[in-house]
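Input: a single structure, listed below in structure tokens.
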């Protein structure tokens, strides 16, 4: 097998964009160059990487998807190699590919990105968002260098660096009588209408909080958007549960009230997941060190809603 890095980039672009024409346009080359690269790859591998449908573009075969995963990893490794050489004798530079749990991203990422921009002006960030399962898939498939998620989703071949505990808390409408409280219990919430953040794993986690105390939630509404959760709560459609304080929450100014939970059975830990045993590029190592520094400086304290101390 004899492919060039350039040919592999052509093939990757065709898969990512879903057509030879789109890949040619993005790379500013002829369609015949893309087609030739695909032909060389398929001949060398001995099987079809793509199914080509006239007027409908291309899509990867089952074996092709596996090959394309390896191709993307190789292209990224080549890019990192060039950046590592450029960093020798100077400040760390290069790209860090971050996967982050989507509902945490708006509150968690700003201080992280501000710090990396300040400390490493030559750094480039590629951001991927998704639910907790998708975030770990990004890491497993080699599309991300690190993933920000909860420890409960990290197992097996991954390392985990904790950044902060994120106790669950309730949000209620300002005109809800519960808004006069300073804290709440699960039993007080159980019979009230609930707006559920309905994402893979998230729904099970919040439901298990009630079940651990012999209770059942009264789910009246559900949505996959944390923004819509807050809007429905503000509109008095029910209470909800979350873990990371919204970045724009201001007590007395926001349209809902945040209440710590006194008897929450479990406080998950949010942090950095990475592939175990993998030697990361210098820029990624520097990025992780920067996040640990932010933890030590208390940069994430404002994201946490803690129950009052007895």
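The values are calculated or read from the model by the stated rules, or taken from the named source; none is laboratory data. Keep in mind that what you see is a predicted model, and the values were worked out from it rather than measured. Note: ideal-geometry Cβ built from the backbone for every residue, glycine included; neighbour counts use all protein chains shown.
Going by the conditions given, is residue 171 within 30 Å of residue 286 (Cβ to Cβ) and either in contact (Cβ under 8 Å) with a residue 24 or more places away in the chain or buried (at least 19 other Cβ atoms within 10 Å of the Cβ) (or both)? Spelling it out, it is not the case that residue 171 is within 30 Å of residue 286 (Cβ to Cβ) and either in contact (Cβ under 8 Å) with a residue 24 or more places away in the chain or buried (at least 19 other Cβ atoms within 10 Å of the Cβ) (or both). Selection over the stretch 266-287 of residues that are under 20 Å from residue 121 (Cα atoms) and either touching a strand residue (DSSP E or B) at 6+ places or on another chain (Cβ under 6 Å) or surrounded by 18 or more Cβ atoms within 10 Å (Cβ to Cβ) (or both) gives a count of 5.
Every condition in (1) at positive phi; (2) outside the structural domain of residue 203 (by TED's automatic domain parsing) is met by residue 279 except one, and the failing one is (1).
Only a single item in (1) in contact with a helix residue (DSSP H, G or I) (Cβ under 7 Å, 6 or more places away or on another chain); (2) at pLDDT below 95 is not met by residue 170, and it is number (2). Taken over the stretch 252-301, the residue count meeting the criterion of being over 19 Å from the mean Cα position of the chain (by Cα) and within 30 Å of residue 216 (Cα to Cα) is 14. Residues in the stretch 148-159 that are modelled with pLDDT of 95 or more and surrounded by fewer than 20 Cβ atoms within 10 Å (Cβ to Cβ): 0 in all.
Within the stretch 251-289, take every residue that is assigned to a helix (DSSP H, G or I) and touching a helix residue (DSSP H, G or I) at 6+ places or on another chain (Cβ under 7 Å) and give me the one that is modelled with the highest pLDDT.
Filtering the stretch 251-289 for residues that are assigned to a helix (DSSP H, G or I) and touching a helix residue (DSSP H, G or I) at 6+ places or on another chain (Cβ under 7 Å), the one modelled with the highest pLDDT comes out as 287.
Is it fair to say residue 262 is in contact (Cβ under 8 Å) with a residue 60 or more places away in the chain, within 28 Å of residue 99 (Cα to Cα) and surrounded by fewer than 20 Cβ atoms within 10 Å (Cβ to Cβ)?
Criteria not met by residue 262.
Check whether at least one residue in the stretch 297-310 is in a helix (DSSP H, G or I), in contact with a strand residue (DSSP E or B) (Cβ under 9 Å, 6 or more places away or on another chain) and in contact (Cβ under 8 Å) with a residue 40 or more places away in the chain, and report yes or no. Checked against the condition, which is being in a helix (DSSP H, G or I), in contact with a strand residue (DSSP E or B) (Cβ under 9 Å, 6 or more places away or on another chain) and in contact (Cβ under 8 Å) with a residue 40 or more places away in the chain, the stretch 297-310 yields at least one hit.
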